[in-house]
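Notes follow the structure.
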Amino acid sequence: MKKYLAECIGTCTLVVLGCGTAMLVGCDAAAGGGYILTALAFGLAIVASAYCVGNISGCHINPAVSLGVLLAGRMEKKDFLGYVIAQCIGAFVGAGLLALIFKLGGVKDMTGGFGSNGLAGVSGNAFAGLLVEIVLTYIFLLCILGVTSPKAKHGSFGGLVIGLTLTGVHILGIGLTGTSVNPARSLGPALIAALTGNGAPLACLWVFIVGPFLGAALAAVTYRALEK
């Protein structure tokens with residue numbers, strides 16, 4: 001249970017810091033600073049969580065990461081479902097905390113949907129959005145599997161490398177899909193936005209669940225082939 005609690009806390013932290021920053025600064029293409037701040041917030045949240053709960057649960061805080069780790073043969077099947085449930089709960093709680101903070105503080109949500117993902121950057125094209133999420137998750141998972149490999153020699157810098165990679169992935173992806181690469185991170189804010197009447201794009205939510213899972217599976221297969 002400690003592993004699941006750690007995953008819940010880590011995912012909650014990711015949503016609060018990442019989506020919260022996006023809500024506060026917005027992600028307008030005309031003001032690129034919002035892109036960088038949001039990308040850094042997600043990346044730094046991963047760094048913080050990696051050094052906080054990494055020694056307890058491995059700091060997946062992402063169902064796609066858990067799937068990649070499972071397919072890479074580094075996780076027991078019995079833990080996978082528990083991790084995913086804990087991550088989704090953490091994302092929902094994180095988005096709920098943001099709703100409470102922004103409502104009590106009277107702060108305008110610059111994203112209009114608690115930092116939930118959308119397809120506006122790809123003109124509403126679900127296939128394009130799916131491809132973006134597959135490619136970005138693939139890159140992110142390859143990094144994670146490489147850094148966490150028993151053969152890796154990164155010492156204590158693994159969490160920093162993964163966080164910087166997530167930052168880079170967000171710099172490209174924010175303008176296209178808002179960058180998910182994490183089904184839980186997409187699910188929590190979308191549900192809270194829908195419950196509060198903020199019009200979350202639930203119709204395209206499947207893109208941000210299927211895409212990251214496909215990208216993670218492809219990365220796991222690729223890395224296993226490269227590692228042999």
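You will find that of ALA152, ALA190, ALA220, ALA225, the residue that is closer than 21 Å to GLY113 by Cβ and either among the hydrophobic types (A, V, I, L, M, F, W, C) or surrounded by 24 or more Cβ atoms within 10 Å (Cβ to Cβ) (or both) is ALA190 and no other. Scanning region 112-138 for residues that are under 13 Å from the mean Cα position of the chain (by Cα) and over 17 Å from PHE213 (Cα atoms) returns GLY115, SER116.
For region 101-123, give me the residue count where each residue is on the phi > 0 side of the Ramachandran plot and surrounded by 22 or more Cβ atoms within 10 Å (Cβ to Cβ).
Quick first cut of region 101-123, residues on the phi > 0 side of the Ramachandran plot only: 106, 112, 114-115, 123.
Checking which are surrounded by 22 or more Cβ atoms within 10 Å (Cβ to Cβ) leaves us with 114-115.
Count: 2.
Pairing residues of region 108-122 that are over 16 Å from LEU191 (Cα atoms) and in contact (Cβ under 8 Å) with a residue 12 or more places away in the chain with residues that are in a loop (DSSP other than H, G, I, E, B) and among the polar types (S, T, N, Q), at Cβ distances under 8 Å and at least 6 apart in sequence or on separate chains, gives LEU119/ASN125.
Mind checking which residues of region 1-33 are under 17 Å from ALA184 (Cα atoms), among the β-branched types (Val, Ile, Thr) and either modelled with pLDDT under 95 or surrounded by fewer than 23 Cβ atoms within 10 Å (Cβ to Cβ) (or both)?
Initially, region 1-33 is screened for residues under 17 Å from ALA184 (Cα atoms), giving 3-20, 22.
Filter once more, so that each one left must be among the β-branched types (Val, Ile, Thr): 9, 11, 13, 15-16.
Scanning region 1-33 gives ILE9, THR13, VAL16.
Residue-by-condition table, conditions (1) in a helix (DSSP H, G or I); (2) aromatic (Phe, Trp, Tyr); (3) within 13 Å of the chain's Cα centre (by Cα):
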{"position": "ALA6", "(1), (2), (3)": "yes, no, no"}
{"position": "CYS12", "(1), (2), (3)": "yes, no, yes"}
{"position": "LEU17", "(1), (2), (3)": "yes, no, yes"}
{"position": "ASP28", "(1), (2), (3)": "no, no, no"}
{"position": "PHE80", "(1), (2), (3)": "yes, yes, no"}
{"position": "ALA91", "(1), (2), (3)": "yes, no, yes"}
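Here ILE61 clears all of (1) within 17 Å of the chain's Cα centre (by Cα); (2) not hydroxyl-bearing (Ser, Thr, Tyr); (3) not in a loop (DSSP other than H, G, I, E, B) except the condition numbered (3). Identify, by number, the condition in (1) assigned to a helix (DSSP H, G or I); (2) under 16 Å from GLY115 (Cα atoms); (3) of a type in the set (Val, Ile, Thr) that VAL210 doesn't meet. If we test VAL210 against (1) assigned to a helix (DSSP H, G or I); (2) under 16 Å from GLY115 (Cα atoms); (3) of a type in the set (Val, Ile, Thr), just (2) comes out false.
Just one of (1) outside any helix (DSSP H, G or I); (2) closer than 22 Å to VAL210 by Cβ fails for VAL107. It is (2). Of the numbered conditions (1) assigned to a helix (DSSP H, G or I); (2) surrounded by fewer than 22 Cβ atoms within 10 Å (Cβ to Cβ); (3) touching a Ser or Thr at 6+ places or on another chain (Cβ under 8 Å), ILE36 satisfies every one except a single condition; which is it? Every condition holds for ILE36 apart from (3). Scanning region 63-82 for residues that are farther than 20 Å from LEU218 by Cβ and in contact (Cβ under 8 Å) with a residue 24 or more places away in the chain yields ASP79, GLY82.
The values are calculated or read from the model by the stated rules, or taken from the named source; none is laboratory data. This structure is a prediction, so every number in the text was calculated from the model and none was measured. Cβ atoms come from the backbone with ideal geometry, glycine included; neighbour counts cover every protein chain shown.
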